[in-house]
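Only one structure is covered here, and it is reproduced in the block below.
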Amino acid sequence: MTEELLKALPVYFSCLIKFIIGPIAGYGLGLHIITTILTTIAGMMTSVVAFTYFGDWLRAKVLKRWIANRKKFSPGNRRAVRIWQRFGLIGVAVLTPLLLTPIGGTVIAVSFGAPKEKILLYMLVSASFFAVLFSAAIYGFGEAVIPEMFRPS
């Protein structure tokens with residue numbers, strides 16, 4: 001049990017940054033599929049909770065130094081506005097595991113003033129759905145699609 005939890009730590013920490021790495025890393029480390037799914041969800045949701053509740057503080061205190069002279073109408077800002085206008089909160093939640101990072105999707109949702117409870121709910125549903133989908137696909141087809149060096153030994 002302890003060994004399984006220690007092996008799950010890299011999966012958790014990688015999912016704080018990029019969602020898809022979790023199921024691949026869990027498969028590569030030889031974790032049970034349920035452990036991989038739960039750890040992937042926990043990693044993404046930790047980022048979502050942190051940036052939902054502390055995002056304003058981080059922007060005001062920490063990131064202020066780096067973004068003080070940043071342009072308001074940069075290509076990245078325009079892209080975020082287009083994503084929000086086209087898809088709304090539900091779309092951002094769905095796109096977060098697929099294309100955006102947990103941090104990026106949460107920052108977009110918070111920036112446009114979405115209610116915190118809805119951000120958490122939609123991101124949890126999205127994380128749960130895609131963690132099950134990606135893990136099932138990777139564990140089911142891993143032998144055929146995952147390179148040899150990433151397979152469990």
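The values are calculated or read from the model by the stated rules, or taken from the named source; none is laboratory data. These figures come from a predicted structure and were not determined experimentally. Reconstructed Cβ throughout: ideal geometry from the backbone, glycine too, with neighbour counts over all protein chains shown.
Summary of values
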item: Qualifying residue in the range 6-19 (condition: farther than 19 Å from Thr101 by Cα, assigned to a helix (DSSP H, G or I), modelled with pLDDT of 75 or more and in contact with a helix residue (DSSP H, G or I) (Cβ under 9 Å, 6 or more places away or on another chain)); result: yes
item: Residue match in the range 86-108 (condition: surrounded by fewer than 19 Cβ atoms within 10 Å (Cβ to Cβ), at negative phi, without any contact (Cβ under 8 Å) to a residue 24 or more places away in the chain and over 17 Å from the mean Cα position of the chain (by Cα)); result: yes
item: Enumeration of residues in the range 111-125 that are touching a Ser or Thr at 6+ places or on another chain (Cβ under 6 Å) and under 22 Å from Gly76 (Cβ atoms); result: Ile119
item: Test result for Phe73, modelled with pLDDT under 85, surrounded by fewer than 19 Cβ atoms within 10 Å (Cβ to Cβ) and outside any helix (DSSP H, G or I); result: yes
item: Residue count, the range 1-56 (criterion: among the hydroxyl-bearing types (Ser, Thr, Tyr), crowded, with 19+ Cβ neighbours inside 10 Å and free of Cβ contacts under 8 Å to residues at least 60 places away in the same chain); result: 4
item: Residues being in a loop (DSSP other than H, G, I, E, B), within 25 Å of Leu89 (Cα to Cα) and more than 9 Å from the chain's Cα centre (by Cα) - total across the range 20-58; result: 0
item: Number of positions in the range 99-141 that are under 12 Å from Gly88 (Cα atoms), among the hydrophobic types (A, V, I, L, M, F, W, C) and either touching a Pro at 6+ places or on another chain (Cβ under 7 Å) or assigned to a helix (DSSP H, G or I) (or both); result: 4
item: Filtered residue count, the range 115-133, keeping only those that are buried (at least 20 other Cβ atoms within 10 Å of the Cβ) and not hydroxyl-bearing (Ser, Thr, Tyr); result: 5
